[in-house]
Amino acid sequence: MLTILLTGGTGFIGKVVLERLLVRDDVKYIYLLVRPKRGKSIEERMQDLRTSPCFDNVRSEFDRVIGLEGDMVKANLGLQQKDMELTRSTVTHIINLAAAIDFCLPLAEATRANVTGALELLEVAKTCTKLHRLVHCSTAYVSVPKQNDASIYEHDPLVLPGNVAQIYNS
């Protein structure tokens, strides 16, 4: 039986993945990392999630979804000690779908969410004694130069604006 830690499960892609996991009978538990947001507690966010129309066909399976309060950019994902111990000792699979996708975010904030968060998750994954697989779904931003041929090829050099380390640390 699989025990899955799912991040980003309240988002657009995350809901689809969560619904697909709930259909499976080889998934024992899904630990869903959720942070309080916009004044809502994780309990309120979990209730909002449970009532989403995309779960109409699997609502009876929702007892396998366990909300864990946390934050991707914090050490140990911001998990309480008991939740961290549970994660370390039982998780067999991690699916990371958490991301900041707001194009208006300052670059440093987007980098913290999308890079630091993934690195914090990797640190937790290293301590999971039953982990078989980690799946990461990345975000990508593309800015194409305005030229006649706006194609981008894999072999083209990547030109970054300024010092990336400086941008990340600011």
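The values are calculated or read from the model by the stated rules, or taken from the named source; none is laboratory data. Note that the coordinates shown come from a computational prediction; the quantities given were computed from them, not determined experimentally. Cβ atoms come from the backbone with ideal geometry, glycine included; neighbour counts cover every protein chain shown. The protein model used for the area step is the full one, side chains on, heavy atoms only, and it has no ligands, DNA or RNA in it. Shrake-Rupley method; radii C 1.70, N 1.55, O 1.52, S 1.80 Å.
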* Structure fact -> Output for region 34-139 (equivalent-ellipsoid semi-axes, sqrt of 5λ from the C-alpha gyration tensor, Å, descending) is 22, 20, 14
* **Extension gain from Glu43 to Gln81, taking 0.36 nm per residue of separation minus the Cα-Cα distance** => 11.8 nm
* To do: Could you rank the peptides 61-74, 36-49 by their average count of other C-beta atoms within 10 Å per residue, with the highest value first?
  => 61-74, 36-49
* Sketch the reach of a paramagnetic label on Leu2 as a point 7 Å from Cα along Cα-to-Cβ, and name the residues of region 115-135 whose backbone nitrogen lies under 13 Å away. => 132-135
* Starting from the Cα of Lys15, draw a straight line to each of the lysines and keep only those under 27 Å, dropping any in the same chain fewer than 8 residues away. => Lys28, Lys37, Lys40, Lys74, Lys82, Lys126, Lys130
* With a 1.4 Å probe and every protein chain left in place, work out the accessible area per residue of region 1-110 in Å², rounded to a whole number. => 54
* Asked: Based on the Cβ-Cβ distance from His136 to Arg59, what FRET efficiency comes out when R0 is 30 Å, to the nearest 0.05?
  -> 0.60
* Report the net charge of residues surrounding Asp56, where surrounding means a beta-carbon distance below 15 angstrom and charges are Lys +1, Arg +1, Asp -1, Glu -1. => +1
* Could you please state how large a percent of the accessible area of region 46-146 is carbon and sulfur, counting protein chains only and using a 1.4 Å probe? => 55
* Asked: Using the reciprocal of the averaged 1/r over all distinct C-alpha pairs, how large is the Kirkwood radius of region 1-55 in Å?
  -> 11.7
* To do: Count charges around Ile101 for me, please; just the other residues with Cβ under 15 Å from its Cβ, Lys/Arg as +1, Asp/Glu as -1.
  => +1
